[in-house]
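*Asks:* Have a look at the structure that comes next, please.
The values are calculated or read from the model by the stated rules, or taken from the named source; none is laboratory data. What you are looking at is a predicted structure, and each value in this text was computed from that prediction instead of being measured. Neighbour counts are summed over all protein chains in view; Cβ atoms, including those assigned to glycine, are modelled from backbone coordinates with ideal geometry.
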Amino acid sequence: MSEREVRSPSDVDRSQHLAALHRAWATPLDVVTAVVGEVSTSPVVECRRIVDGEVNEVYDVTVEQGPSMIVRISHRGSEAHDREAWVLGECAARGIRAPRVHALRRVEVGNELRSVMVMEKLPGERLADLDLGEGDVRRVLEEVGAWLKQLHTIPVQGLGSLDGSGVGRFETVEEWLANITAEAKVFEDAGRAAGFEPATVRGWVREIVDAFRAAPPRMTMSHNDLLAVHVLVHEGRLSGVIDFGVVAAEPAANDFALWDFREGRRFPVEWIQAGYGDRSWFEPPNDRTYRALWLLHGLWYVRHYHVTGFPPGVEAGRDRLLRGPER
């Protein structure tokens with residue numbers, strides 16, 4: 001198993017975790033093919049289920065004539081798909097390499113209303129699955145940096161998670177920070193499960209809030225889930241980035257801090273920064289904000305796996321927090 005920035009749970013642990021999630025999601029294939037039929041006149045040849053990720057039921061659909069498509073189904077309402085469709089439309093308008101949306105529908109299955117998104121399937125394989133040489137990895141990551149600089153030009157309003165028109169959940173930095181402090185007790189509970197003293201977690205939360213108050217950061221469009229599994233590589237070059245379901249208005253360094261926490265040992269964040277071209281977000285006096293974002297991602301990571309009942313994920317987050325930023 002290759003080395004990752006966060007010491008990944010074993011393949012068996014993660015497979016079992018994902019299988020348990022996906023067993024609860026089972027949309028009839030005739031529903032999937034019917035929605036595909038709205039955007040393609042060619043008959044469906046194959047509908048392969050992809051058991052990966054923790055949010056959507058996903059299918060790779062091959063039609064007789066024409067390109068393959070990805071179908072993503074949400075059982076948790078349409079909010080994530082609405083924001084994803086909006087930002088992908090913005091990407092298409094700017095020539096930013098990302099999937100195009102063919103259709104977004106609400107489909108009733110039994111007594112449940114599901115959101116179904118039919119998307120372009122980009123060429124290539126996930127960076128996380130490839131065994132590239134150092135030169136090839138560096139080139140791809142520099143291309144990711146240049147791609148990220150484009151993404152950050154998309155205008156957003158407010159702060160935090162975006163709605164389907166690019167407006168954030170919060171109006172002010174204080175509201176955004178209040179959301180963080182409201183999670184303090186859950187952060188402490190998750191930290192306790194990871195072996196951290198509550199005082200340690202409280203200190204981290206306090207430092208995060210103090211850092212943002214001392215120098216309120218500029219907010220930009222953030223992918224907010226930029227990981228090697230979401231970076232596609234075709235013929236040694238970046239073909240695009242996928243999975244925009246949690247895009248948000250966040251501090252400019254947010255995507256870099258998340259990548260550093262999750263991927264930075266195997267895929268150095270410095271190479272993404274080099275492609276981005278503006279290092280000021282990671283150097284004094286902004287380095288305090290960068291570390292605050294890094295800590296915040298660590299707390300959310302441990303919290304997520306504590307709440308969802310996946311101890312190997314909690315342990316991986318603990319180990320990463322103890323090691324500290326790589327950059």
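*Asks:* Being aromatic (F, W, Y) and closer than 20 Å to R218 by Cα is true for just one of Y301, Y290, Y305. Which residue is that? First the steps, then the outcome.
*Replies:* Working: Y301 fails: closer than 20 Å to R218 by Cα; Y305 fails: closer than 20 Å to R218 by Cα.
Checking each option against the conditions leaves just Y290.
*Asks:* Only one of (1) farther than 29 Å from V51 by Cβ; (2) in contact with a helix residue (DSSP H, G or I) (Cβ under 8 Å, 6 or more places away or on another chain); (3) in contact (Cβ under 8 Å) with a residue 12 or more places away in the chain is not met by V229, so which one is it?
*Replies:* All conditions are met except number (1).
*Asks:* Quick one: in the range 174-185, of everything that is more than 21 Å from the chain's Cα centre (by Cα) and surrounded by fewer than 16 Cβ atoms within 10 Å (Cβ to Cβ), which residue is farthest from E90 (Cα to Cα)?
*Replies:* Once the filter is applied, the top-ranked residue is K185.
Matching residues to (1) of a type in the set (V, I, T); (2) assigned to a helix (DSSP H, G or I); (3) within 16 Å of M119 (Cα to Cα); (4) assigned by TED's automatic domain parsing to the domain that holds D225:
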{"residue": "L21", "(1), (2), (3), (4)": "no, yes, no, no"}
{"residue": "W25", "(1), (2), (3), (4)": "no, no, no, no"}
{"residue": "A34", "(1), (2), (3), (4)": "no, yes, yes, no"}
{"residue": "T41", "(1), (2), (3), (4)": "yes, no, yes, no"}
{"residue": "R48", "(1), (2), (3), (4)": "no, no, yes, no"}
{"residue": "E54", "(1), (2), (3), (4)": "no, no, no, no"}
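*Asks:* I'd like to check which helices (runs of 4 or more DSSP H) are fully inside the range 260-327 and have at least 2 residues that are surrounded by 17 or more Cβ atoms within 10 Å (Cβ to Cβ), charged (D, E, K, R) and assigned by TED's automatic domain parsing to the domain that holds L130.
*Replies:* On the way: elements: 269-276, 287-307, 311-323.
Answer list for the range 260-327: 287-307, 311-323.
*Asks:* Moving on to the next point. I need a count of the residues in the range 75-89 that are free of Cβ contacts under 8 Å to residues at least 60 places away in the same chain and in contact with a Lys or Arg (Cβ under 8 Å, 6 or more places away or on another chain).
*Replies:* 2
For every residue, the table says whether it meets (1) of a type outside the set (S, T, N, Q); (2) within 30 Å of G309 (Cα to Cα); (3) under 18 Å from the mean Cα position of the chain (by Cα).
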residue	(1), (2), (3)
N56	no, yes, yes
Y59	yes, yes, no
I73	yes, yes, yes
D82	yes, yes, yes
R126	yes, yes, yes
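*Asks:* Please specify each residue of the range 167-186 satisfying the condition of being in contact with a helix residue (DSSP H, G or I) (Cβ under 6 Å, 6 or more places away or on another chain) and among the small types (G, A, S). Don't jump to the end; show me each part of the working.
*Replies:* Quick first cut of the range 167-186, residues in contact with a helix residue (DSSP H, G or I) (Cβ under 6 Å, 6 or more places away or on another chain) only: 170, 177, 184, 186.
Correct list: A184 only.
*Asks:* Then there is this: Looking at the range 75-134, which of its residues are surrounded by 14 or more Cβ atoms within 10 Å (Cβ to Cβ), among the acidic types (D, E) and assigned to a strand (DSSP E or B)?
*Replies:* Listed by number, the list holds a single entry, E120.
*Asks:* Hey, among the residues in the range 68-113 that are among the basic types (K, R) and at pLDDT 95 or above, which one's farthest from D52 (Cα to Cα)? Reasoning before the result, please.
*Replies:* Here is the first cut: in the range 68-113, the residues among the basic types (K, R) are 72, 76, 83, 94, 97, 100, 105-106.
Adding the requirement that they be at pLDDT 95 or above leaves 72, 83, 94, 97, 100, 105-106.
Numbers: R72: 11, R83: 21, R94: 29, R97: 22, R100: 21, R105: 22, R106: 22 Å.
This residue is R94.
*Asks:* Condition first: outside any strand (DSSP E or B) and within 14 Å of the chain's Cα centre (by Cα). Can you find one or more residues in the range 198-214 that meet it? Explain how you work it out, then say what you get.
*Replies:* From the range 198-214, those outside any strand (DSSP E or B) are 198-214; that's our starting set.
From what is left, the residues that are within 14 Å of the chain's Cα centre (by Cα) are none.
Looking through the range 198-214, none of the residues is outside any strand (DSSP E or B) and within 14 Å of the chain's Cα centre (by Cα).
*Asks:* Continuing with this model, one more query. Of V167, V201, V118, which residue is touching a His at 6+ places or on another chain (Cβ under 7 Å) and at pLDDT 95 or above? Before you say what the answer is, go through the steps one by one.
*Replies:* Details: V167 fails: touching a His at 6+ places or on another chain (Cβ under 7 Å); V201 fails: touching a His at 6+ places or on another chain (Cβ under 7 Å).
The conditions single out V118.
*Asks:* So which of G168, G164, G191 is surrounded by 19 or more Cβ atoms within 10 Å (Cβ to Cβ) and either part of a loop (DSSP other than H, G, I, E, B) or within 21 Å of the chain's Cα centre (by Cα) (or both)?
*Replies:* Within the list G168, G164, G191, the selection yields G168.
*Asks:* Give the range 149-161 a look and list any residue that's assigned to a strand (DSSP E or B) and either surrounded by 15 or more Cβ atoms within 10 Å (Cβ to Cβ) or of a type in the set (S, T, Y) (or both), or say none. Talk me through it step by step, then tell me what you get.
*Replies:* Here is the first cut: in the range 149-161, the ones assigned to a strand (DSSP E or B) are 157, 159-161.
L159, G160, S161 - these are the residues of the range 149-161 that are assigned to a strand (DSSP E or B) and either surrounded by 15 or more Cβ atoms within 10 Å (Cβ to Cβ) or of a type in the set (S, T, Y) (or both).
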